[in-house]
Each structure stands twice: as C-alpha cells, then as structure tokens.
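Novice: Right, I'll just put the structure down here and ask away after.
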Amino acid sequence: MRHLFVASEGTLGLIVEATVQLAARTPERARALAERFPDVVQLAESQSQATAGAHLIVNATPVGLLDDALPIDVVALPRDARVIDLVYRPGET
C-alpha cells in the first residue's frame, strides 16, 4: 500500500490490496488472527520485522492509554511511514 485514503461527507475510499505484518505481545492471539485472515495477515518475528518497509503503522494496543508510553521505538520507524494511533484517553466529564 502506498497511500492512505481518508474521507468524509459521502466520499468512498477503497484499499484493494494490502498485507498486514502483525507483531503482537500475545502469540496465541496473533496466530488466531492470522488463521482468520490467512490471505492478508503475516506474523512477524519482531516489531522491527513488522515495521521494516511499512508504509502505514497502526497502534491498536492499550499502550499509551494511561500515560505517554509508546509501543515501539519511533527511531526505528521508516522515514516515510504514516502512523495511526488508535489509543484514546478517556476525557474528563
């Protein structure tokens, strides 16, 4: 994947081909996900293997929920990679 298409107001974006390199803290969960989507998900041996050559990196871990911790070393990320952080901190009400 070379580009990420983000849109709103009725615009449709479609990614037609992607490969997910999965690095997980829980190997059995990673294997279960890879078995569920065998044509798309590949298990990585390490975080550095998963991020090498990546164009898009998504943090979907709870790391960072309570503080400013990061799940991976940002220095190791490819220079042209886009990063999405799916961790949301609960706001005060």
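The values are calculated or read from the model by the stated rules, or taken from the named source; none is laboratory data. What you are looking at is a predicted structure, and each value in this text was computed from that prediction instead of being measured. Glycine gets a Cβ as well: all are built from the backbone with ideal geometry, and neighbour counts include every protein chain shown.
Novice: Considering only segment 22-40, state which residues are among the β-branched types (Val, Ile, Thr) and either assigned to a helix (DSSP H, G or I) or surrounded by 11 or more Cβ atoms within 10 Å (Cβ to Cβ) (or both). Reasoning before the result, please.
Specialist: Residues of segment 22-40 that are among the β-branched types (Val, Ile, Thr), as a first pass: 26, 40.
Residue satisfying the conditions is 40 alone.
Novice: Here's another thing I want to ask about it. Answer with yes or no whether residue 31 is free of Cβ contacts under 8 Å to residues at least 12 places away in the same chain and of a type in the set (D, E, K, R).
Specialist: On the way: free of Cβ contacts under 8 Å to residues at least 12 places away in the same chain: no; of a type in the set (D, E, K, R): yes.
When the stated conditions are applied, residue 31 does not pass them.
Novice: Show the residue pairs that are 6+ apart or on different chains and have beta-carbon atoms under 9 Å apart, the first residue being within segment 62-82 and more than 11 Å from residue 51 (Cβ to Cβ) and surrounded by fewer than 13 Cβ atoms within 10 Å (Cβ to Cβ), the second being among the aromatic types (Phe, Trp, Tyr) and modelled with pLDDT under 80.
Specialist: Cβ pairs passing all conditions: 65/88.
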